[in-house]
1. Among the candidates Val12, Val83, Val35, single out the residue that is modelled with pLDDT of 95 or more, surrounded by fewer than 23 Cβ atoms within 10 Å (Cβ to Cβ) and within 13 Å of the ligand (Cβ to nearest atom).
2. Just name the residue that is nearest to Gln173 (Cα to Cα) out of those in the stretch 98-121 that are crowded, with 20+ Cβ neighbours inside 10 Å and within 11 Å of the ligand (Cβ to nearest atom).
3. So, Val89, is that one within 14 Å of the ligand (Cβ to nearest atom) and of a type in the set (Val, Ile, Thr) or not?
4. I'd like the residue in the stretch 15-31 that is of a type in the set (A, V, I, L, M), within 11 Å of the ligand (Cβ to nearest atom) and not in a helix (DSSP H, G or I) and, out of all such residues, is nearest to Leu149 (Cα to Cα).
5. Condition check: assigned to a helix (DSSP H, G or I), at pLDDT below 95 and more than 16 Å from the ligand (Cβ to nearest atom). Does Gln212 satisfy that?
6. In the list Leu181, Leu164, which residue meets the criterion of being surrounded by 15 or more Cβ atoms within 10 Å (Cβ to Cβ) and either under 21 Å from Gly128 (Cβ atoms) or not small (Gly, Ala, Ser) (or both)?
7. Could you run through the stretch 56-71 and say how many residues are aliphatic (A, V, I, L, M), part of a helix (DSSP H, G or I) and away from the ligand (no atom under 12 Å from the Cβ)?
8. Step by step: first the residues of the stretch 150-169, then only those that are more than 17 Å from Met97 (Cβ to Cβ) and hydrophobic (A, V, I, L, M, F, W, C), then the one that is modelled with the highest pLDDT. Which residue is that?
Amino acid sequence: MNANELSPRLQVVADYVPKDARLADIGSDHAYLPVALVLNKKIQYAIAGEVVQGPYEAAQRQVAKNGLGESIEVRLADGMEAVFLEDQVDAVTICGMGGVLIRDILARGKNLQRLSGSEKLILQPNVGEKQLREWLTVEGYTITAEEILEDHRKVYEVIVAEKLEAAAEYTPQELLFGPFLLQERSAIFLEKWQRQLEKLEKVRANLARSDQQLAEKIAQVEQEIQWIQEVLDESK
Ligand code: SAM
């Protein structure tokens, strides 16, 4: 794969980065996304933020190898701490992590005033999409686009969110399934939720079984109490 070619998952994310955006890619192992975007001339400036030394160095090497040190700043930092308001970032990508971690990175970024609220957020949670949508909604973001795709036999969702003049409101079902994905109901979406249904049905069966076991155990203990009481009463 060339440096300007992305995996299908990251390509979908890249497609939502606005032309000429000032991008912060948080959790930028190897800096693949910003490097491809700059090489393809979609953007001219990016910050690649990484909190772990190894991926940070991998990102530095990738940027240097492609001669992009002028365009991409690789910063070793926790979450949005890689970004300052003076950087005038107008798009943030956070990909390949759990939705709860992405949510916590954004929430901390907001508290530390590293997130102005005017950035376009392009998020690709591996799991925990519902919790991420819930946070976005509470914070007044509107989900402006969503994608679901399969890459290397895994299903991924991409959520694009922005603060608009009037924030959208979502039903609990829309927060779980995704407002756009629910409307579209693609084949991948239906497969994903069919698998989840089968998983939950197994959970329900196991719970019913453990309920049954619990009831049997309680009955056993009650029987034993009764027998002991009878013996003790008879012996008085
Ligand atoms: N974003 C890339 C992608 O989607 O292919 C890399 C995904 S990789 C699975 C997740 C990266 O996020 C790791 O390199 C990890 O070190 C980094 N990471 C996790 N928590 C982070 C945080 N709080 N701040 C910055 N980077 C973080």
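1. One residue alone meets the criteria, Val12.
2. So the residue we want is Ile102.
3. No, not satisfied.
4. The qualifying residue nearest to Leu149 (Cα to Cα) is Ile26.
5. Here the answer is yes, as Gln212 does meet what is asked.
6. After applying the criteria, what remains is Leu181.
7. Here the count works out to 2.
8. Leu164
The values are calculated or read from the model by the stated rules, or taken from the named source; none is laboratory data. All of these numbers come straight from a predicted model, not from anything done at the bench. For neighbour counting, all protein chains shown are included, and Cβ atoms are generated from backbone atoms with ideal geometry for every residue, glycine included.
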